[in-house]
1. Under 13 Å from the Cβ of residue 118, count the other residues' Cβ atoms, weight Lys and Arg +1, Asp and Glu -1, and hand me the total.
2. Which three lengths, in whole Å and largest first, does the stretch 289-330 cover when its Cα atoms are put on their principal axes?
3. Using only the Cα atoms, work out Rg/Rh for the stretch 134-232, with Rh taken as the Kirkwood radius, to two decimals.
4. Kindly report, to the nearest 10 Å², the accessible surface of residue 185 as traced by a 1.4 Å probe over protein heavy atoms only.
5. Which value, in Å² and to the nearest 10, is the accessible area of residue 179 when all protein chains are kept and the probe is 1.4 Å?
6. Take residue 329 and residue 93, extend 7 Å from each Cα along the Cα→Cβ direction, and tell me the distance between the two endpoints in nm.
Amino acid sequence: MALTIGLRKHIARWQRDGVIDEIVAERLRRDLENHRSGFGLGGILAVLGAVLLGAAIISLVAANWEAMPRLLRVGLIISVLWLGYVGGAWRQSLGDGRFGQALYLLAAITFGAGIALIGQMYHLSGDASDAALLWIAGTMVAALFLRSPVLVSASTVITGFYLFVSLDGSASEAVNYLWMVPVLLFICGGLVWYTKGRAARHLIALLLITYVIVVRIDLDDAAILWLAALAGGALFVLDGVRPGLLERLTGWAEALGAYGFFMLLVALLFFQFDIATGSITDDSIPNQVLIGFAILGFSIAGLILSGHRNLAVRWVAYSVFSLEVLYLAFETIGTMIGTASLFLSAGVIVLLLAAFVIRMERRLHRRNPKRQVTA
């Protein structure tokens with residue numbers, strides 16, 4: 001919503017300065033209105049209120065759990081579930097999507113709390129990972145029948161919770177997360193397509209990247225990094241070379257290209273870290289520098305290939321390039337000079353980076369001036 005207001009101010013300024021005429025300005029305003037997100041500040045506050053209300057209900061029930069009869073405990077949980085799902089469907093039918101989705105989220109939180117509290121009440125066997133799987137299953141079923149985007153996002157977040165509780169050494173068959181998490185995310189992807197829940201797509205992509213990092217650290221196996229680098233590089237190149245094809249296949253070409261590019265660079269950074277810590281070979285500055293130049297090369301390739309139209313790729317490339325230049329400088333010359341010289345060198349490097357970014361922005365603007373204005 002704030003972004004839309006900012007764009008409207010820019011449109012008014014462009015019209016006032018004669019950059020665009022009244023017809024173009026009106027078309028831009030109409031396009032903003034047609035494509036604006038229906039989940040603005042009011043929707044965010046409604047979801048936040050649902051989360052806080054759910055936490056309050058859980059805390060209240062947990063504090064008085066022992067004092068309540070068992071029938072009252074179960075009835076209270078079912079009542080909140082009924083209120084959330086039925087009330088949300090009612091609000092949705094009236095066209096109030098924001099509070100409807102908030103009530104759905106309240107019901108999903110209550111469902112997870114109910115699993116834990118009823119399991120404790122009846123001394124049911126199982127661990128946190130089993131409870132998380134049941135929670136995910138119930139939330140996914142609700143998302144399917146209610147066609148709720150916020151429940152798809154909730155399912156993805158709970159899948160992340162399942163990933164981390166599965167790392168607990170006390171969890172039974174913790175290695176199940178290796179295949180279970182991709183399966184759950186695949187189902188979430190199908191629900192995204194069914195519910196048209198755009199926000200959940202970003203959560204799925206971020207959780208996949210987190211999954212790769214967790215597997216790499218947990219199993220100490222670099223094979224997952226090679227696979228992730230190949231998959232990420234393929235998505236990035238496909239978006240850079242054939243964006244129309246990827247857009248027709250997925251309807252999400254730019255974001256997939258950016259996440260693939262980010263995953264590729266993350267894998268290379270991990271390889272560099274492994275060399276620095278001696279996980280792959282002895283600590284060797286030349287090997288670190290070699291990987292560093294590869295990271296710099298891929299960063300520049302990202303700018304050249306799709307940076308002119310993909311803002312996310314552009315900023316990932318700038319950030320990684322700058323941090324890698326500073327790291328290589330400190331790694332190679334930082335131990336050879338004094339503190340004052342180090343700060344002087346760092347200042348010069350940062351100024352050179354600023355000059356590089358300014359010149360690159362001008363080049364990218366010349367390649368795609370329209371994208372520069374909308375960014």
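The values are calculated or read from the model by the stated rules, or taken from the named source; none is laboratory data. Not measured: the values here are computed from a predicted model. Here the Cβ is made from the backbone with ideal geometry for all residues, glycine too, and neighbour counts use every protein chain on show. Please note that ligands, DNA and RNA were not included when accessible areas were found on the heavy atoms of the full protein model with its side chains. Shrake-Rupley method; radii C 1.70, N 1.55, O 1.52, S 1.80 Å.
1. Its environment carries a net charge of +2.
2. Largest to smallest, the principal-axis extents are 32, 15, 9 Å.
3. 0.99
4. Rounded to the nearest 10, the figure is 10 Å².
5. That residue has around 140 Å² of solvent-accessible surface.
6. 6.5
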